[in-house]
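> This is the structure I have questions about; it appears just below.
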């Protein structure tokens, strides 16, 4: 026990855990391919802007930076979230101490985060969620620092971080809404009378202002996106499933989340932070009522894990138990690691999930957003087929004589992202699509007029069949475990009418 409370040993242990986290997330990057969403978000980096169709601009800005420094490889895509995972480990340990935890509690907080399934998954993929978790946790950490220190400077820093958090994902607004609702019922209500509080809000708004102006200029596409989500994905959510997945997302880490919530709400030793327990309940309840996706609550999970670590730091006194407890948690985590990150290749993952179902009747994690069950979890199925698709497209592109009078069309953003990002090593032009943010980059007219057209979709559209005199099926994605299995690449030639006229009519119908 004395080793855990030694500052040098404790700090070194936290640093080792941070490095382990970074290493774990990097060592598996080539077991599968790019994720569908990663291809979209890295494509945003080619078009830095103040906003995008479904996300604020930060994910595109970071993508631009990583592309400028490291190119377009899988390593370039996954490096930044891996590094932030290490920062999260250090932040968790620091936050545990601010909550009154011992150095042992700080170690448990770092370990509890590292063994949680959601942490392994989110920090292995380049999506807004990993920054959301980091920025939510940083905001809560600054609130705790302000309470402990009574220094108003943390209100300004909080406002700045809040502004950047809104530039990453709008969902953080729920965190701020919860605070505004709950704080008036606490001893900290006088914060609303402080000039630095309002200065922090002003700073945050100024940082967020470019995206707000962009949303205003585009007619607030975020509301269209939310409506589309409700109509296509969130309709499948229900209260029991939502609550069950709150327990399943951390897997072993649930040992900490449940203890953390109980500790925040009931323990007198942490009474001054009890409002954070009610804030957690507010966020989980609000998202359940609003039929949000289960993972929308992840921003609050690190707080619960850290509070749980502080609780165990108080509850576990015996030296041998302080050693055995984390060891048992690690041993329990190892068999479930494939739920979090792809430690096996495709064949190994398919076998792993098949054994779980055949021997133990477990199909958890393999339900797609439409409610159907597949051989792999949706995230893994979304990490297959893109290299094959791009290779087939390259073959089709080489068959074109006049490449100046051609372009590549994709039906969805995953396909378009694959051609745009992976296609760089094949010297392919960027894809054109009406899906997601790609619709902001479509050309209004082609010069010269199009004579050859690569069409990527699951099946050939009737309008395309009527438009071209010659259509060749070049190939299809053949991987049955890929979510895009069967997606085809067609080479369309000899247009029967002016393609520009067809394109102009198409754009008018979309207005």
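> If I model a spin label as a point 7 Å beyond the Cα along the Cα-Cβ vector, how far apart are those points for residue 291 and residue 31 in nm?
Distance between label points: 3.5 nm.
> May I ask you to order 456-463, 398-405 by the average number of other C-beta atoms within 10 Å around their residues, highest value first? Could you put the intermediate results ahead of the total?
On the way: 456-463: 13.9, 398-405: 12.2.
Those peptides, ordered most packed to least, come out 456-463, 398-405.
> Which of the peptides 478-485, 163-170 is most tightly packed, and how do the rest follow, judged by the mean count of other Cβ atoms within 10 Å per residue? Let's see the in-between values first.
Values: 478-485: 17.4, 163-170: 22.4.
Descending packing order for the listed peptides: 163-170, 478-485.
> When the Cα centres of region 435-511 and region 372-420 are compared, how far apart do they sit, in Å?
Here the answer is 13 Å between Cα centres.
> What's the angle, to the nearest 10 degrees (0 to 90), between helix 172-182's Cα axis and the longest principal axis of the chain?
The helix 172-182 is inclined about 30 degrees to the chain.
> Sticking with this one: Output the peptides 196-206, 383-393 sorted from most to least packed, where packing is the average of other Cβ atoms within 10 Å over each peptide's residues. Don't skip to the end; give the middle numbers.
Working: 196-206: 17.1, 383-393: 22.7.
Going from most to least packed, we get 383-393, 196-206.
> OK, next. What nm distance separates the two modelled labels at residue 177 and residue 458, each placed 7 Å from Cα along Cα→Cβ?
That separation, rounded to one decimal, is 3.3 nm.
> Moving on. Is the C-alpha gyration tensor of region 1-101 telling us rounded, prolate or oblate? Criteria: a/c under 1.5 is rounded; beyond that, a/b larger than b/c is prolate, otherwise oblate. Can you show the working numbers first?
Values: a/c = 3.32, a/b = 2.03, b/c = 1.64.
Here region 1-101 falls in the prolate category.
> For the Cα atoms of the chain, what angle does the longest principal axis make with the long axis of helix 386-398, in degrees from 0 to 90, nearest 10?
20 degrees
> Quick one: work out the % antiparallel among DSSP beta bridges in region 386-510, nearest 5. Don't skip to the end; give the middle numbers.
Details: 13 of 19 bridges.
About 70 percent, rounded to the nearest 5.
> Continuing with this model, one more query. Would you work out if the chain is rounded, prolate or oblate? Take a ≥ b ≥ c from the square roots of the eigenvalues of the alpha-carbon gyration tensor; rounded if a/c is under 1.5, else prolate when a/b is larger than b/c, oblate otherwise. Could you put the intermediate results ahead of the total?
On the way: a/c = 2.30, a/b = 1.66, b/c = 1.39.
Prolate, because a/c is 1.5 or more and a/b exceeds b/c.
> Rounded to the nearest 5, what % of DSSP beta bridges with both residues in the chain are antiparallel?
The answer is about 70 percent antiparallel.
> Quick one: compute the contact order of the chain, relative version, from alpha carbon pairs under 8 angstrom and 6+ residues apart, as a percent.
17 percent.
> Additional query: Using alpha carbons only, how many degrees (0 to 90, rounded to 10) separate the axis of helix 103-114 from the longest principal axis of the chain?
Rounded to the nearest ten degrees, it is 20.
Read the figures in this text as sums done on the coordinates, not as results from a lab. The shown structure was predicted, so the numbers you read here are calculated from the model rather than taken from an experiment. Positions of Cβ are generated from backbone atoms using ideal geometry, with glycine treated the same way; all protein chains shown enter the neighbour counts.
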